[in-house]
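Student: Pasting a structure below so you can have a look.
The values are calculated or read from the model by the stated rules, or taken from the named source; none is laboratory data. Note that this is a predicted model, so its numbers are computed, not measured. Here the Cβ is made from the backbone with ideal geometry for all residues, glycine too, and neighbour counts use every protein chain on show.
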Amino acid sequence: PAGKALARLPEIVRWGEDTFGPYPFSSTGVIVAGEGDAGYALETQYRPVFPGAPGTGLLVHELAHQWFGDSVTPESWRDMWLNEGFATYAEWLWEEEHGGDSAQETFDALYDHGEDEYEDLWSFPPAEPPGAAHISDEPVYSRGAMVLHKIRQTVGDKAFRDLVRGWTAKHRHGNADTEDFTSYVERTAPDEDFTPVWRDWLYGEGKPEHP
Ligand SMILES: [Zn+2]
């Protein structure tokens, strides 16, 4: 029924604080708009707007944008994957921690079938959308989330959590671009080699050869 997911809002915000760090604003909530509004969900600061009562996944996604997109904001549209990749990965993490597919399973399914998505997942790399018209395309969202999953695989679960919380703290209420992010990740885990992650997943053309 409509509003069932909305009842979980406080739980989702608490989960977000555990996962991403302190909630970045003084209030939260949602606005469920009526007919005649935009017709899509939007991560407006403090209270995301939904065209109708959202499901849990969409609610998690839009609330995650309070950290990724509203607090840490992208330097330019080219850095949009920092918003959408994180908000999409938030959905994966929520699923994993609430009895659904693990992020690894979500990743594997996308790797196996990404070319069959309604927008080909491999059509461009997340950090290099071919133009402003493409910043809301699937590679920015799902493949952006895949980049984050590759980082998690590289550093491990605990370090990944610390890394994400450190990122939202470092750029709280500020701008950041893709290079800020990659150099931050490298400084956080100086013993790891992220070259394949950046080369194949973040900037690479086409489907990476190995999952
Ligand atoms: Zn989004």
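Student: Pick out the one residue from 87, 33, 41 that is surrounded by fewer than 22 Cβ atoms within 10 Å (Cβ to Cβ), aliphatic (A, V, I, L, M) and within 21 Å of residue 138 (Cα to Cα).
Tutor: Step by step, each of 87, 33, 41 is checked, and only 41 is surrounded by fewer than 22 Cβ atoms within 10 Å (Cβ to Cβ), aliphatic (A, V, I, L, M) and within 21 Å of residue 138 (Cα to Cα).
Student: Only one of 62, 119, 105, 128 is free of Cβ contacts under 8 Å to residues at least 24 places away in the same chain and either within 13 Å of the ligand (Cβ to nearest atom) or in a loop (DSSP other than H, G, I, E, B) (or both); which?
Tutor: 119
Student: Within region 69-81, track down each residue that is within 11 Å of the ligand (Cβ to nearest atom) and assigned by TED's automatic domain parsing to the domain that holds residue 133.
Tutor: 80, 81, listed by residue number.
Student: Residue 161: farther than 16 Å from residue 87 by Cα and at pLDDT 95 or above, yes or no?
Tutor: no
Student: For region 122-152, what are the residues that are of a type in the set (Phe, Trp, Tyr) and within 10 Å of residue 85 (Cα to Cα)?
Tutor: Within region 122-152, 141 is the sole residue that qualifies.
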